[in-house]
1. Within segment 3-88, count lysine pairs with alpha carbon atoms under 19 angstrom apart where the residues are 8 or more positions apart or belong to different chains.
2. Among 86, 106, 46, which residue has its Cα furthest toward the positive end of the charge dipole of the chain, with +1 on Lys/Arg Cβ and -1 on Asp/Glu Cβ?
3. Can you work out the Karplus-derived ³J(HN,Hα) for every residue in segment 30-37? Use 6.51 cos²θ - 1.76 cosθ + 1.60 with θ = phi - 60°, whole Hz, and x for glycine or proline.
4. Quick one: angle between helix 136-147 and the longest Cα principal axis of the chain, in degrees between 0 and 90, rounded to 10, please.
5. Give me a comma-separated list of calculated 3J(HN,Hα) values for segment 117-132, in order, Karplus coefficients 6.51, -1.76, 1.60 applied at θ = phi - 60°, integers in Hz, x for any Gly or Pro.
6. Working from Cα positions, state the angle (0 to 90°, nearest 10) between the long axis of helix 97-111 and the longest principal axis of the chain.
7. Determine ³J(HN,Hα), in whole Hz, for all residues of segment 9-26 in sequence, where each value follows from phi through the Karplus function 6.51 cos²θ - 1.76 cosθ + 1.60 and θ = phi - 60°; x replaces Gly and Pro.
Amino acid sequence: MSLEKDVMTQMKAAMKAKDSTALEALRAIKGAILLAKTENSQQDLSEEEEIKIVQKLVKQRKDSAALYKEQNREDLVEPEIKQAEVIAQFLPEQLSEAEIAIKVEAIINESGAEGMKDMGKVMGLASKELAGKADGKTISIVVKNKLSK
């Protein structure tokens, strides 16, 4: 089932349950998908494009929650976190840091990277391989740790 159809199904369920937080998050996904379709003049988005859209939305919610927390706006933190959780359910299962480290180690060995000068090359390969399974910030931290040793 495509992401768009899945979101629509979930939206109907959220409307029936009168879950405004979930409904708002699902509408954000639907809006982002429609925007991406009109920008690219495409009928359907690839799975990779859908994952990128969902990752971006989750990151936006988490960043907003962190900003609100920093400004002591606890009343706004909770809805952002809940929306991020609703949106994140459309992502593939996320890898743990240990699993990411194993994959990054293999990429470093395959590419012959020898230190921080090769970080860009390793990040490019790791980002492609781990797309949707890990966020870029975590990948970057693991790559830095592995290459600085």
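Derivation of every value follows stated rules applied to the coordinates shown; laboratory data play no part. Please read all numbers here as calculations on a predicted model, not as lab measurements. Here the Cβ is made from the backbone with ideal geometry for all residues, glycine too, and neighbour counts use every protein chain on show.
1. Lysine pairs meeting both conditions in segment 3-88 amount to 23.
2. 86
3. So the J values, rounded to whole Hz, are 4, x, 5, 5, 4, 5, 5, 5.
4. Approximately 10 degrees, to the nearest ten.
5. Ordered by residue, 3J(HN,Hα) equals 5, 9, 4, x, 5, 5, 4, x, 5, 5, 4, 5, 5, 9, 4, x Hz.
6. Roughly 50 degrees between the two axes.
7. 4, 5, 4, 4, 5, 5, 5, 5, 7, 6, 8, 5, 5, 5, 4, 5, 5, 5
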